[in-house]
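Here, each number is a calculation from the coordinates, and none is a lab measurement. Quantities reported herein were computed from a predicted structural model and do not represent experimental measurements. Here the Cβ positions follow ideal geometry from the backbone for every residue, glycine too, while neighbour counts run over all protein chains shown.
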Amino acid sequence: MKRQIKKWILRLAAAGLFIAGLLLIIILQPVLTYANKTTHHNYTIFHDKALDPAFLPRLDQATALLKTSEFYRPGFQADVCLNDGSSYPRLVALLRGQAFAWGFYNKVVLQGNTNPGQNMVELNGYKWNLAQLLAHEMTHCLQFDKLGLWQSNPVAHIPDWKWEGYAEYVSRHNADQQDLSNNIQRFLATGEAGWAIKFADSTIAPREYYDYWTLVQFCLDIKKMTYSQLLADTTSEQTARQSMMAWFTNGDKTEHSK
């Protein structure tokens, strides 16, 4: 009886390893689940339906934002996976949860409904600026590219405010997003109600990410830290927020942060 149990345990373990390996292959090779792919500069775009020509200018806008990151390098390459019929985005959602998009390794996976012409991605009634969303997720790919597996999240457990806040910092460059004082004021004006904060173009930022973004903007633009220095700094999130609010309350409000 014990021998039979051991056999079944070994078989189940082997089956589990096989399934995990198969999933890993599919995740790393999205070409297996898409009908089409298009190459544009350093990107490979995977899609099932005909590619909307308005998508490529949005990708170029995201690249321009990405180049503001100190982690950017010209040879950076990434796969962009669209949510237009392939099972790939659903598989990623099954493994990681539902989101507007996910960025990991060298992959950006869109999960919302994409409208390149209007420059937005819609999910559950909320809209995210498409070019900024692409830049946000590509920033996570840059973080992995620069820091490596063991020094990146989720392995390294970098605080969310530094990890997600930097992705927001790189991607948020619209005219109404550049002044830190105005960004803090917008945050305070919304109170504690609501999951998202809306911008002038009717797109949103999740409230938590918005909070992280202002902290990183304060550290990089006002305190003049580099992102590498911020990662190495041991100041707590609470202390950083207290310093930012002291600056906001007593600082020079005419000083623009970008």
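Quick notes on this structure:
- For the chain, share of DSSP beta bridges that run antiparallel, in % to the nearest 5: 75 percent
- Burial ordering of 31, 170, 155, fewest other beta-carbon atoms within 10 Å first: 155, 31, 170
- Compared with the dominant principal axis of the Cα atoms in the chain, helix 130-147 is inclined by about 70°.
- Counted over region 49-127, the DSSP beta bridges are approximately 75% antiparallel.
- When +1 charges are put on Lys and Arg Cβ atoms and -1 charges on Asp and Glu Cβ atoms, the dipole computed for the chain relative to its Cα centre reaches about 1280 debye.
- For the chain, the longest principal axis of the Cα atoms and the long axis of helix 55-66 meet at an angle of about 60 degrees.
- If R0 is 45 Å, the Cβ-Cβ spacing of residue 250 and residue 149 corresponds to a FRET efficiency of close to 0.60.
- The translational diffusion coefficient of region 22-157, from Stokes-Einstein at 37 °C and 0.692 mPa s with a Kirkwood hydrodynamic radius over alpha carbon pairs, comes to 218 µm²/s.
- Summary of packing: across the peptides 226-239, 139-152, the per-residue average of other C-beta atoms within 10 Å ranks them, highest first, as 139-152, 226-239.
- Taking amide hydrogens as placed 1.01 Å from N in the peptide plane, the amide H of residue 225 sits under 5 Å from those of 220, each at least 5 positions away in sequence or on another chain.
- Restricted to Cα atoms, the chain shows a radius of gyration and a Dmax of 20.5, 79 angstrom.
- Kirkwood-based Rg to Rh ratio, region 159-258, C-alpha trace: 0.93
- Between the Cα long axis of helix 180-189 and the first principal axis of the chain there is an angle of about 80°, rounded to the nearest 10.
- q = 0.21, 0.28, 0.33 Å⁻¹, region 72-114: log10 I(q)/I(0) [Debye, one scatterer per Cα]: -0.64, -0.98, -1.26
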